[in-house]
Every structure is written in C-alpha cells, then in structure tokens.
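Bear in mind these aren't lab numbers, they're just calculated from the coordinates by the rules spelled out. In this text, all values refer to a predicted model and were calculated from it rather than measured experimentally. Cβ: placed from backbone, ideal geometry, glycine included. Neighbour counts: every protein chain shown.
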Amino acid sequence: MDHVGTTEQPRPAAGETRRTFYVAAIYGIWGLISAALAVPALIYLLVPPKLRKQSDWIDAGDLSQVPTGTPVEMTFRRMRVDGWKVYAEQDTAWVLKTASNQVIAYGPQCTHLGCAYHWDTAKNEFVCPCHNSLFAIDGKVLGGPAPRPLDRYETRIQGNKLLLGKLQVSAEKSA
C-alpha cells in the first residue's frame, strides 16, 4: 500500500473551537441586551422622580380689584404634582380687605360638610345653601350645623399681588 502523504491539521487547544466561540458570543450579546433593558427599568423603579420644589405661596390675584369691607370670590390656578404628572387645578378663595388694609382669605368650603358657600350682600353674611349654615364677615358661625368658623388661608402681600399659603383649619367653636 502506498502511503499518500497527508498533512494532518493541528487540532486546536481545548476551549478554542468554533463552537465555544459562538456560545461565548451568544451569551455576551444576551448579557448586553439584558443589561440594556434592566438598567432603565431599575432606574425607573428605584430612583424617585425629581422633586419639583414649588413655592408654598400661590398668586391669587390683584388686590386693587377687592373693595374694602366686602368679600370677593377670587379664582386662581394651583399646580399639583402627583409622581411624574403635574396637574393645574382651579381653586377659589373668599378675600376680604378690612378698613385697616389687612387681608383675610377664607377657604371656599363650609366647615359642616364641605359645600360651597356664598356671600349674601342683603344679609351681610356668608350663607351655605346645603344645610343653612351662616357665617359672619369675620368667619365666625352665626347659625346652622357648622361645627367651627371658616378656614383661613395664610396671606402675604407683595405690591398689589395677594399670595395665598396653606389653608389653616380653624378650631372648634366653644359651646
């Protein structure tokens, strides 16, 4: 038999086969895709949204439009942040400018069940139509089932602008 001279190809060292290269490449690509999906998801879940520091004082309007001694209902916009969503809400306050140029702002809800009340010019008092609660111009209860005087906003004046702060819940009326 004739021996044909064949050249034997050298065998690659263990772990350097084409198969192991492809397996390593597939696992590497899979790891990159997993990291690309996991990092934003973890950031979304673990890092709180940027807290938007808002002023506690809200511009309620121009005080030059408020007559002295008569309450006026002023409408203003309040921004509320709920997680990542920002809502613009419309709110109201009853504003009274006294003779000594002091400003009082009442919350818009009756202290009985939260109904909206109004100023009755003929009777010179605030009237809640739900259960007939009556309030004096200084917010004190005159009659009806209301358990306490009207709630007041903190007020601040800058020039002619009225700034409203937090709503202060009034104390229970004494029996």
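Brief remarks follow.
- Packing-based ranking of 148-155, 73-80, 132-139 yields 148-155, 132-139, 73-80, ordered from highest to lowest mean Cβ neighbour count within 10 Å.
- Full extension of the chain between Ser100 and Asp62 yields a length gain of 11.9 nm, computed as 0.36 nm times the residue separation minus the alpha carbon distance.
- Taken about its Cα centre, the range 58-168 carries a charge dipole of roughly 220 debye when the Cβ of each Lys and Arg holds +1 and the Cβ of each Asp and Glu holds -1.
- Two-site label geometry, Ile43 and Ala171: point separation in nm, points 7 Å out along Cα→Cβ: 5.3 nm
- Rg/Rg_globular for the chain, with Rg_globular taken as 2.2 N^0.38 Å and Rg from C-alpha atoms: 2.28
- Selected from Met74, Ala99, Gly139, residue furthest toward positive end of dipole (the chain; charges at beta carbon): Ala99
- Fully extended contour minus Cα-Cα distance, from Thr121 to Ala88, at 0.36 nm per residue: 8.7 nm
- Total formal charge among the other residues, if their Cβ is under 11 angstrom from that of Glu125, Lys/Arg +1 and Asp/Glu -1: 0
- Distance from the range 19-49 to the range 77-108 (C-alpha centre basis), Å: 49 Å
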